[in-house]
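Report on the following structure.
The numbers here are math on the coordinates, done by the rules we state, and not lab data. Everything quoted here is computed from the prediction, not taken from an experiment. Methodologically, a virtual Cβ is constructed for each residue, glycine included, from the backbone with ideal geometry; neighbour enumeration extends over all protein chains shown.
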Amino acid sequence: MTSSCENKTVSDETPKQATPKRMEFVGVFLDAKSQDAIKARFQALHGDVSAQSSVVLKYNPSKEELDAFAPILGKNVTVKIQAVAQDEHAQAAIASVSTEHGDVHYAVECPHVTVSVSGEDGYNSPLLYHNHDLTVVVAGYACRYTRGYSNVLLERLQAAGYLTIDDSPEGLNVGLSSFDGTLPSFASKLFPFYNPFPPTQASLTILADGPLTLSGVLCTSSSYDEASHSCGPAKKAECGFCLFMKAGPCGDQFTSWEACLDESKKEGADFLSKCGPQTLALRDCVDAHPEYYSVLNGDDSDDEDAKAE
């Protein structure tokens with residue numbers, strides 16, 4: 001898998017609603033010990049520290065992209081913090097991510113932990129951009145310096161030549177140069193709604209005592225269980241046949257039959273022996289309601305095969 005710090009331009013279209021929807025992402029969810037290490041190593045300069053617990057690798061993944069991540073979803077991974085970038089509005093700890101089999105190269109942005117952001121500088125407008133989880137709404141304002149601004153900070157350092165990203169077939173190579181000074185006014189390709197970003201005092205500091213090693217589990221945001229720090233199975237869309245059956249007059253009978261089928265599979269039991277009564281009840285109900293189930297052309301053949309599809 002390959003990666004690059006891509007510059008994605010946000011659409012100029014006006015969203016119809018002013019309520020942002022948090023986007024699904026694949027990321028590394030840091031364990032409690034690692035979150036404590038982040039807090040201990042980097043003093044938060046700004047008030048919002050809600051993003052310290054994860055490293056986003058891919059926002060809004062497609063099915064193909066999820067398939068690419070599938071072999072390592074749920075796996076414990078190592079995160080190594082190499083440097084910290086900060087300015088007047090955000091702190092970002094630049095990271096690399098690896099499994100026992102090698103580096104994880106696939107990312108939509110530069111891999112990092114957002115240590116803190118200021119969240120200030122509202123723009124009194126209902127026009128919001130929802131791409132890449134870059135905006136939130138606070139009392140009707142779209143805030144410029146939220147979690148997504150950490151991506152812009154790294155974008156600014158790239159433009160100034162202090163951070164370089166080389167995406168090669170061998171993997172992602174990050175070049176870091178120490179910096180402490182003023183970054184000029186900047187037009188972001190990631191977050192153009194607030195262009196230009198005004199000049200800011202910034203720094204990029206390489207950790208002198210070597211990388212800070214953290215650990216976490218790689219998961220999708222919707223499947224991650226914070227209480228158990230584990231990655232559950234990806235949720236599958238319900239089959240069309242199942243939806244059709246449950247919506248009809250025999251929905252209860254189908255649900256009972258389906259539950260028995262799932263249980264028999266889990267136990268390795270013989271379906272016909274275990275679920276005979278549920279199957280007969282479903283058949284009799286379907287026969288009694290041809291006005292709904294005639295679309296099945298009178299064929300109540302192998303429901304198990306239909307469900308498996």
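Couple of notes before you dig in:
- Net charge, LEU218 excluded, C-beta distance under 11 Å - Lys, Arg +1, Asp, Glu -1: +2
- For PHE29, net neighbour charge (Lys/Arg +1, Asp/Glu -1) across residues whose Cβ lies under 10 Å away: -3
- Within the shell of other residues whose beta carbon sits under 15 angstrom from the beta carbon of VAL77, the net charge comes to +1, with Lys and Arg scored +1 and Asp and Glu -1.
- Amide H partners (placed H, <5 Å) of LEU57, local residues excluded: VAL26, GLY27, VAL28
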